[in-house]
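Heads up: the structure comes next, in structure tokens.
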Amino acid sequence: TTTTIPTTTTRPLMSPSSVWNPNGTVVAGSASGVSGTTADRLITPYGVVVDSAFNVYVSDYGNFRIMKWPQSSTSGTKVGPQLGLGPGPDTNHLNAPVALAFDSTESNLYISDTFNCRILKWNIASNNITIVIGGNGCGIALNQFYWCNGLYVDR
């Protein structure tokens with residue numbers, strides 16, 4: 001007698017309504033994988049969110065910035081905090097931005113400013129940036145936390 005063992009194909013875990021395209025397209029950063037500080041390059045991109053207009057927002061960890069890449073664009077624009085690396089209580093500097101999340105209206109983008117141990121809220125229309133969690137230094141007190149590497153906003 002012969003026993004036939006069925007074979008299976010491994011596929012990426014994704015939404016049932018998704019369509020997998022094995023020939024990916026670069027939507028942010030260098031197609032050749034070269035890093036850098038210019039508007040068409042990223043250094044250690046970490047978090048990615050996409051709004052309803054298909055703008056791609058990337059937390060550019062190594063450049064201490066948030067970049068917005070409009071659909072079909074070959075370069076991005078720095079958005080949110082504008083002054084790059086910096087510690088402390090001001091909201092114009094970042095120190096290792098990691099996670100990003102939109103609120104349900106996509107009018108606010110939440111940013112995990114990891115090594116400043118805080119979560120920032122950037123209002124896209126007004127360009128107002130506020131500290132919503134942390135901002136009291138890194139620690140274990142009830143108004144502090146250590147590094148935040150993930151972020152989710154309940155819609």
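The values are calculated or read from the model by the stated rules, or taken from the named source; none is laboratory data. The model shown is predicted, which means the values in this text are computed figures rather than measured ones. When we count neighbours, we look across all protein chains shown, and the Cβ atoms used for this are built from the backbone with ideal geometry, even at glycine. Surface areas here come from the heavy atoms of the whole protein model, side chains and all, with no ligands, DNA or RNA. Shrake-Rupley method; radii C 1.70, N 1.55, O 1.52, S 1.80 Å.
Brief remarks on what is shown
- Scanning the chain for cysteines with no neighbouring cysteine C-beta under 4.7 angstrom from their C-beta gives 148.
- Residue (of 59, 122, 43) at the positive-pole extreme of the chain, dipole from beta-carbon charges: 43
- Only Lys, Arg, Asp and Glu carry charge here, each on its Cβ (+1 for the first two, -1 for the last two); on that basis region 11-109 has a dipole of about 240 debye about its Cα centre.
- Packing-based ranking of 32-38, 90-96, 121-127, 21-27 yields 90-96, 121-127, 32-38, 21-27, ordered from highest to lowest mean Cβ neighbour count within 10 Å.
- Nearest-0.05 FRET efficiency for residue 21 and residue 43, computed from C-beta distance (R0 35 Å): 0.85
- With protein chains left intact and a 1.4 Å probe, residues in region 51-123 average 37 Å² of accessible area per residue.
- When the inverse distances between all different Cα atoms of region 37-97 are averaged and flipped, the Kirkwood radius reads 11.7 angstrom.
- Residues 154, 113 ordered from highest to lowest accessible area at a 1.4 Å probe: 154, 113.
- Pair residue 138, residue 73: separation of 7 Å Cα→Cβ label points (nm): 3.1
- Bins of 10 Å from zero: percent of alpha-carbon pairs in the chain: 10, 35, 30, 14, 5, 3, 2, 0
- Only Cα pairs under 8 Å and 6+ residues apart enter the sum, and on that basis the relative contact order of the chain stands at 14 percent.
- Which of 138, 148, 117 is most accessible, then next, and so on - probe 1.4 Å: 138, 148, 117
- Cα→Cβ-extended label distance, 7 Å offset, between residue 83 and residue 126, nm: 2.0
- Listed residues 151, 83 arranged by accessible area, highest first, probe 1.4 Å: 83, 151
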